[in-house]
Amino acid sequence: MAENNIILTGDRPTGSLHLGHFVGSLSNRVRLQNTGKYEPFVMIADLQALTDNAENPEKIRQNILEVTLDYLAVGLDPAKTTIFVQSHIPALTELPMYYSNLVTMSRLERNPTIKSEIKMRNFERSIPVGFMTYPISQAADITAFRAKYVPVGEDQLPMLEQAREIVSSFNRIYNCEILVEPEAILPENSSCNRLVGTDGSSKMSKSLGNCVYLKDDEKTLKQKVMSMYTDPEHINVSDPGHLEGNAVFTYLDAFATDEQVNAFFPEYQTLGDMKEHYTKGGLGDMKCKKLLNSIMQDMLRPIRERREEYAKDKGELLNILRKGTDHAIEVSNETLKLVRNAIGIDYFSDKEFLEKYAK
Ligand code: TRP
């Protein structure tokens, strides 16, 4: 068998994409895509978005092309990466039906990502069944394409573990090797694994209002950087500053190279030197923010400009999605066929069945 180089990952279209998405997964996708060694699939997870937005489909409709634009803006290339829409793939509604028989309620209740999401949404016992079971649906997303690699941030690790368990149960119970156990591809830089919000809180998240969006204009970006959370005890420039929990330094860790620091502040050779000065006292927050703003502007400008360019032709965006979706249907239907055969429900084409029961 040829080596499996299939990548699959996706995003919920509940808003346009932000820096957390970018450092957690998008930049890895683009990097892997450009090696030319993989077959990448990138999915707009509208079904998953519906699991907690059933009453607000307009929010999802609004963001289908927004997310597509973000993908193209960061450098996903439809000639190399299949970009598609989840709800249009028959396998992604059918496979979860089979997989849900292999997962217990108590297993779902133990999923730490689900646990924290339930808390964040105040669902308590009124949690929609579809939301509770979205890890099963996500296992279908991955396995329908028999993907080996899933570039994600570390918050998605419990989803991958669940998917691997389903794969191993399925292959064992139905005595086959059809499904593939996926692996996560995490960001190399640990500050990127779960990028903090501009307010310093644990995760950049739309519902917390602490995001930097890929499409933010220059002014908005600058405003967000200048009002970022730093160190509440660093009141006078001469006070010693703390790096721990300091969002500006977390972002510098995530985005700044020593060369950039040195070009902006010739008095420091490295980011390390700059941190040392900050910790000792004598380096003001404003100066740090100016550096960060300059680095982030340089990073996001080309993305924003490409986004604006693509936004001019919505017909072309639709074509990209339609073509990608058609290809994804084809690939995943192959898996569906194998899965039905493995379970033994392909009655009309299964010779053994016909021989045994329909003679
Ligand atoms: N749960 C992911 C998120 O919230 C989105 C997603 C849906 C996904 N299906 C996927 C990610 C399959 C990786 C693989 O960001």
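Can you give me the long-range amide H partners of Ile6? Hydrogens built in the peptide plane at 1.01 Å from N, cutoff under 5 Å, separation of 5 or more residues or another chain.
Amide H to amide H, under 5 Å and 5 or more residues apart or across chains, Ile6 pairs with Glu39, Lys148, Tyr149.
Sort 195-201, 337-343 by packing, meaning the average of other beta carbons within 10 Å per residue, with the highest value first. All intermediate terms of the calculation are to be shown ahead of the outcome.
Details: 195-201: 19.6, 337-343: 16.7.
Packing order, densest peptide first, comes out as 195-201, 337-343.
Whole-Hz Karplus ³J(HN,Hα) for segment 308-319, in order, using 6.51 cos²θ - 1.76 cosθ + 1.60 and θ = phi - 60°, x for Gly and Pro?
4, 4, 5, 5, 6, 10, 5, x, 5, 4, 4, 4
Listed highest first by mean packing, meaning other Cβ atoms within 10 Å per residue, what order do 265-273, 92-100, 119-127 come in?
Ranked from most to least packed, the peptides come out as 92-100, 265-273, 119-127.
Lys and Arg at +1, Asp and Glu at -1: add these up for the other residues within a Cβ distance under 13 Å of Met43 and post the number.
Details: positive: Arg12, Arg29; negative: Asp11, Asp46, Asp141.
Summing Lys and Arg as +1 and Asp and Glu as -1 gives -1.
Under a point-charge model restricted to the Cβ atoms of Lys and Arg (+1) and Asp and Glu (-1), what is the dipole moment magnitude of segment 1-95 relative to its Cα centre, in debye to the nearest 20?
Computed about the Cα centre, the dipole is about 300 debye.
List the relative contact order of the chain as a percent without decimals, with contacts defined as Cα pairs under 8 Å and 6+ residues apart.
Working: 536 pairs, mean separation 75.8, N = 359.
Relative contact order here is 21 percent.
Enumerate the calculated ³J(HN,Hα) couplings along segment 274-282 in order (Karplus 6.51 cos²θ - 1.76 cosθ + 1.60, θ = phi - 60°), each rounded to whole Hz, writing x wherever the residue is Gly or Pro.
5, 4, 4, 4, 4, 5, 6, x, x
Hey, any idea what % of the chain's accessible area is carbon plus sulfur with a 1.4 Å probe?
Ligands and nucleic acids excluded, carbon and sulfur reach 51 percent.
Run down the lysines and flag those whose C-alpha is under 26 Å from the C-alpha of Lys119, throwing out any fewer than 8 positions away in its chain.
Lys119 reaches Lys59, Lys203, Lys206.
With the contact rule set at Cα under 8 Å and sequence spacing of 6 or more, what percent relative contact order holds for segment 216-309? Provide the component values of the computation, followed by the final result.
Working: 97 pairs, mean separation 32.1, N = 94.
Averaging sequence separation for qualifying contacts and normalising by length gives 34 percent for segment 216-309.
Taking the Cα centre of the chain as the origin, how large is its charge dipole in debye, to the nearest 20, when only Lys and Arg (+1) and Asp and Glu (-1) carry charge on their Cβ atoms?
On the way: 42 positive and 51 negative charges, 125 e Å.
It comes to approximately 600 debye.
Figure the gain on full extension for Glu259 and Lys323 (residue separation times 0.36 nm, minus the Cα-Cα span) and round it to one decimal in nm.
18.9 nm is the gain from fully extending Glu259 to Lys323.
Under 11 Å from the Cβ of Gly272, count the other residues' Cβ atoms, weight Lys and Arg +1, Asp and Glu -1, and hand me the total.
For residues surrounding Gly272, the net value is -3.
Apply 1/(1 + (r/R0)^6) to the Cβ-Cβ distance of Glu109 and Asp346, taking R0 = 30 Å, and write down the FRET efficiency to the nearest 0.05.
With R0 = 30 Å, the Cβ-Cβ based efficiency is 0.35.
Where only protein heavy atoms count, and the probe is 1.4 Å, what is the accessible area per residue for the chain in Å²?
Per residue, the chain has an accessible area of 50 Å².
How far apart, in nanometres, would the label points at Glu154 and Cys176 be if each is projected 7 angstrom from Cα along the Cα-to-Cβ direction?
According to this spin-label approximation, the distance is 3.6 nm.
Enumerate the aspartates and glutamates that Lys115 could reach by cross-link, defined here as Cα to Cα under 16 Å, with residues fewer than 8 away along the same chain left out.
The reachable aspartates and glutamates, counting only those whose Cα sits under 16 Å from Lys115, are Asp52, Glu124, Glu154, Asp155, Glu161.
Indicate the gyration tensor shape class of the chain (rounded, prolate or oblate), computed on the Cα atoms with a ≥ b ≥ c the square roots of the eigenvalues: a/c under 1.5 is rounded; otherwise a/b larger than b/c is prolate and the rest oblate.
Because a/c hits 1.5 or more and a/b exceeds b/c, the chain counts as prolate.
Which of the residue pairs Lys224/Lys289; Lys37/Lys323; Lys337/Lys359 have a Cα-Cα distance greater than 18 Å in the structure shown?
Lys37/Lys323; Lys337/Lys359
Among Gln62, Gln260, Gln223, determine the one that fluctuates most according to a GNM of the chain built with springs between C-alpha atoms less than 10 Å apart.
Judging by the Gaussian network model, the answer is Gln223.
If you keep only loop residues by DSSP, which GluC sites (Glu not before Pro) in segment 319-355 have at most 14 other Cβ atoms within 10 Å of their Cβ?
Within segment 319-355, no GluC sites (Glu not before Pro) qualify (loop, at most 14 other Cβ atoms within 10 Å).
Between the alpha-carbon centers of segment 184-261 and segment 295-359, tell me the distance in whole angstrom.
Each part reduced to its Cα centre gives a spacing of 36 Å.
Taking Cα pairs under 8 Å and at least six residues apart, what relative contact order does segment 1-126 come out at, in percent? If you can, show how the numbers build up before the last one.
Numbers: 112 pairs, mean separation 35.2, N = 126.
28 percent.
Using a cut-off of 14 Å between beta-carbons, work out the net charge of the residues near Glu154 (Lys and Arg +1, Asp and Glu -1, Glu154 not included).
Working: positive: Arg194, Lys203; negative: Asp155, Glu161, Glu183, Glu188.
Residues close to Glu154 contribute a combined charge of -2.
What is the packing order of peptides 234-247, 137-150, taking the mean over residues of other C-beta atoms within 10 Å and listing the highest first?
Top to bottom by mean Cβ count within 10 Å: 137-150, 234-247.
Which FRET efficiency value, to the nearest 0.05, is calculated for Gln269 and Leu243 with the Förster distance at 22 angstrom and r the Cβ-Cβ distance?
0.80
The values are calculated or read from the model by the stated rules, or taken from the named source; none is laboratory data. Bear in mind the structure is a predicted one, so any value in this text is a computation, not a measurement. Here the Cβ is made from the backbone with ideal geometry for all residues, glycine too, and neighbour counts use every protein chain on show. SASA here: full protein model, heavy atoms, side chains in, ligands and nucleic acids out. Shrake-Rupley method; radii C 1.70, N 1.55, O 1.52, S 1.80 Å.
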